[in-house]
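See below for the structure under consideration.
The values are calculated or read from the model by the stated rules, or taken from the named source; none is laboratory data. In this text the structure is predicted, and so the values were computed from the model without any measurement. Here Cβ is always computed from backbone atoms with ideal geometry, including for glycine, and neighbour counts include all displayed protein chains.
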Amino acid sequence: MKKVYTSVYLLLVLCVVTACSGWLDIEPDGQATNNKLTETGDGYRTMLSGVYKAMTSPNLYGRELQFGIVDCMSQQYTWAWQTANGTTGNTVYQAAKAFNYYDVGLRELIDAIWKDGYNVIANANNLIQNVRDEAPEKFAEGELERDMILGEAYACRALMHFDLCRLFAPAPIENESGKYLPYVDVYPNIQPEAIDVRTFLTKVVNDLREAQKLTARIDTTAIGMSANSSANARFYNQLDYGMEGHPDGTGLDDFFLERGYRLNYYAVTALLARVYQYMGEDALAFECADEVMTFQAKGANGMVYDMFTQDDWYTMIAAENNEARTDLKTVSNLIFALYNEDSYLDYDLGTFFQKRSEAQGGNARWLAVDVNGQEIFQNRAGVDEKEQDYRYLYLLFKPDYAAFDYGDDYRISTKWYCSEDKDIRTKNLQTLPVIRATEMRYIMAEHYARQGNFMEAYDILNAIRNSRGIYMPLDVSNNLERFLQDMTRDAQREWISEGQLFYLYKRLGAKVKTANGERRLNKSEYMLPVPANQTM
């Protein structure tokens, strides 16, 4: 999809990159564009591409919901080097780390997250309302294609709503009954009413269940399994032996390939597991996560592929140096990611993750991981594991700058490392992770622990650690709180600069190491303020 429709997406610029209110203000040009696109099946493909493109906004999964504001809120970063050298760092991100949400610059960014999030939802709603009643004959692959587009649109709507809920409303664990934000499922809806969290999340589940039914019609077919059978198939069109279209998808419509960059059936099921766990529906979360991890793709000649269990952390990243590492996002572990070929420029990544910065005397905007302050690579017993853990050895780096001498453990995430080789840089940075198979394992392990089956829970957690170079297993603790501490410590390593850690803390009501000591966050800290002007 990304290859065929990125240029066509220019037709949607007015609709996609303006605020939701901008959608409503572009008559008659916007309506003319919309009508033109809905005349053909290819137009609907373009509209779906536009929804995904809107999700890669810097204010959403391109930056702020990846390594940006959300990871600052989870206390991942430190600006100690900048402070020691008399520079201020990124003041907006420092305000986020301090939970100073009413800082002028940060409040503007928070409002932009809300605006862009609901803009994605408006695009998805417009697509849903137009495509669901279309005649199958309008689409190249008939009803199969129409249903796939509709299913993915429902899933995009659900995902965006869910993450806005995780940011702007209390977690279900708080048992609060207030009304916080609206679930918008009609286009246009300029001033929708806010609803309570439980009702809101039920609507997320309903959308994802509908998306499951619709996307299953393609993703469980021979073509669908072929496009999802492995990471190379999902993200690079390198189809597996024995699968339809092997080796490079020749003869298959590009629109049905590279399913890892789309909310396919398997990704939707994984998102359901995430949502159910957030809701406290532990058994349903386990059921969905287990289904994902046991999916198998079946091809010709009896070939069978375990689709999401490869977890190849060593082969692709254990190269001599960063310039030689060509899989910094460890795509073997990814279930769903967004795509932006121009991420290096669009997100100004060089100012956050550049190898060197001599001309600037060091970069005040570097996002350095607080390895020591958060004790990320110490286990619960206080044993330092960083010299064994691949996530420290290969996925964190020290900038190549002579004056950068504020401790050896002042490191930057290699996941966003900006290679000097443009081709390598583009490949490594174009993938924006949204959900990993590791999360499915965490969900399953936590379920076992909550059921009192701590042996099974630690077997899963130790298997994750073992594949990342830590061969000494954790001792089994028959205590839920201690297990959750062990799991959280691993998640602190797994989700560096990926925007998921804050949500884990919030869901569990966990204690967080802050400048004011280790403590549970209060309501004003775990909830972003809703914009004063909520006009859609």
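Observations on the model:
- A residue that is out of contact with any strand residue (DSSP E or B) (no Cβ under 7 Å at 6 or more places or on another chain), surrounded by fewer than 21 Cβ atoms within 10 Å (Cβ to Cβ) and part of a loop (DSSP other than H, G, I, E, B) can be found somewhere in segment 266-283.
- Test: residue in segment 327-348 that is among the β-branched types (V, I, T), in a strand (DSSP E or B) and over 18 Å from the mean Cα position of the chain (by Cα): no
- If you filter segment 291-305 down to residues that are exposed (fewer than 15 other Cβ atoms within 10 Å of the Cβ) and out of contact with any Lys or Arg (no Cβ under 7 Å at 6 or more places or on another chain), you find that the one that is farthest from G245 (Cα to Cα) is T294.
- Exclusive hit being in a helix (DSSP H, G or I), in contact (Cβ under 8 Å) with a residue 12 or more places away in the chain and in contact with a strand residue (DSSP E or B) (Cβ under 9 Å, 6 or more places away or on another chain), set K415, K506, K427: K415
- Residues that are outside any loop (DSSP other than H, G, I, E, B), surrounded by fewer than 16 Cβ atoms within 10 Å (Cβ to Cβ) and without any contact (Cβ under 8 Å) to a residue 24 or more places away in the chain within segment 151-195 comprise just one, K179.
- Flag if A457 is part of a helix (DSSP H, G or I), at pLDDT 95 or above and crowded, with 18+ Cβ neighbours inside 10 Å: yes
- Residue under evaluation T87, criteria (1) at pLDDT below 95; (2) buried (at least 18 other Cβ atoms within 10 Å of the Cβ), criterion not met: (2)
- Flag not set for D147, criterion: of a type outside the set (A, V, I, L, M, F, W, C), surrounded by 16 or more Cβ atoms within 10 Å (Cβ to Cβ) and within 28 Å of W114 (Cα to Cα).
- Out of A96, A140, one residue alone is more than 16 Å from D185 (Cβ to Cβ) and either surrounded by fewer than 20 Cβ atoms within 10 Å (Cβ to Cβ) or free of Cβ contacts under 8 Å to residues at least 12 places away in the same chain (or both). It is A140.
- Some residue of segment 475-484 being in a loop (DSSP other than H, G, I, E, B) and within 23 Å of L393 (Cβ to Cβ): no
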